[in-house]
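The values are calculated or read from the model by the stated rules, or taken from the named source; none is laboratory data. It should be emphasised that the depicted structure is a prediction, and the values quoted were computed from it without experimental measurement. Here the Cβ positions follow ideal geometry from the backbone for every residue, glycine too, while neighbour counts run over all protein chains shown.
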Amino acid sequence: MLLILSLIVFAAFAMLIHELGHLLAARLCNVPASELGLGMGRKIGSFRVAGIKLSFGLLPTGSFVMLDGMVLKQRSVPQQLFVHLGGIILNLVAGLFTYGTNFSWLNLLLAAGNILPLYQHDGWKCGVVILRALMRRKSQSAERVFTFSGGFVSLMIAWAVARLFF
């Protein structure tokens, strides 16, 4: 029971680190953020710190940072990628500094899961930024193909990893 509780707490802390990575990168690129949320479902509380609303949901199963998307899209491609990869970078740093612990593995797994090109994950967002830069425009059909193929590739990667362990 203690192991399960500690994993839930460590996972929530790893998600918080992830979102702080996005927030830090956004701040470095002058992209405004209005909220950092930890947890999903019914809100159980919120407060403000340094102009950011910190909100907490009942279920610790997800997290987010509410960025100004219009401002982000006006930044250079490297800056957009930096903001989207900020969470993964901070999870990797936390995972390497705490290597060999359950907390380390949770950070490394969170980074690995977010780099996959799954819809609305960081890897997918980076892919869309790169696709738009290469095409020099927005293309709904190209983005649909990327989304579908990214989901398929992610499924194949998950299947291959599962085969290693089972």
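At-a-glance table
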item: Failed condition for GLY57, given (1) surrounded by 15 or more Cβ atoms within 10 Å (Cβ to Cβ); (2) under 18 Å from TRP124 (Cα atoms); (3) out of contact with any Asp or Glu (no Cβ under 8 Å at 6 or more places or on another chain); result: (2)
item: Residue list for the range 95-145, filter: more than 18 Å from LYS73 (Cα to Cα), assigned to a helix (DSSP H, G or I) and polar (S, T, N, Q); result: ASN102, SER104, ASN107, ASN114, SER141
item: Residues being over 22 Å from ARG27 (Cα atoms), crowded, with 18+ Cβ neighbours inside 10 Å and not aromatic (Phe, Trp, Tyr) - total across the range 74-103; result: 1
item: Test result for ARG42, more than 16 Å from the chain's Cα centre (by Cα), basic (Lys, Arg) and either surrounded by 18 or more Cβ atoms within 10 Å (Cβ to Cβ) or modelled with pLDDT under 95 (or both); result: yes
item: Any hit, the range 2-17, residues being farther than 26 Å from PRO78 by Cβ, touching a helix residue (DSSP H, G or I) at 6+ places or on another chain (Cβ under 6 Å) and at pLDDT below 95; result: yes
item: Complete set of residues in the range 119-166 that are among the small types (Gly, Ala, Ser) and under 18 Å from the mean Cα position of the chain (by Cα); result: GLY123, GLY127, GLY150, GLY151, SER154, ALA158
item: Exclusive hit being closer than 17 Å to LEU38 by Cα and at pLDDT 95 or above, set LEU59, LEU134, LEU67, LEU108; result: LEU67
item: Evaluation of ASN107 against (1) more than 26 Å from ILE4 (Cβ to Cβ); (2) under 12 Å from the mean Cα position of the chain (by Cα) (one fails), failing number; result: (1)
item: Single residue of the range 108-146 satisfying the filter (out of contact with any helix residue (DSSP H, G or I) (no Cβ under 7 Å at 6 or more places or on another chain) and buried (at least 16 other Cβ atoms within 10 Å of the Cβ)) that is farthest from HIS18 (Cα to Cα); result: ARG132
item: Only listed residue being assigned to a strand (DSSP E or B) and more than 12 Å from the chain's Cα centre (by Cα), chosen from PRO78, PRO60; result: PRO60
item: Boolean, PHE166 is loosely packed, with under 11 Cβ neighbours inside 10 Å and either out of contact with any Asp or Glu (no Cβ under 9 Å at 6 or more places or on another chain) or modelled with pLDDT under 95 (or both); result: yes
item: Members of the range 113-143 found to be without any contact (Cβ under 8 Å) to a residue 60 or more places away in the chain and among the polar types (S, T, N, Q), listed by number; result: GLN120, SER139, GLN140, SER141
item: Single match in LEU23, LEU59, LEU85 (criterion: touching a strand residue (DSSP E or B) at 6+ places or on another chain (Cβ under 7 Å) and touching a residue at least 60 places away in the same chain (Cβ under 8 Å)); result: LEU23
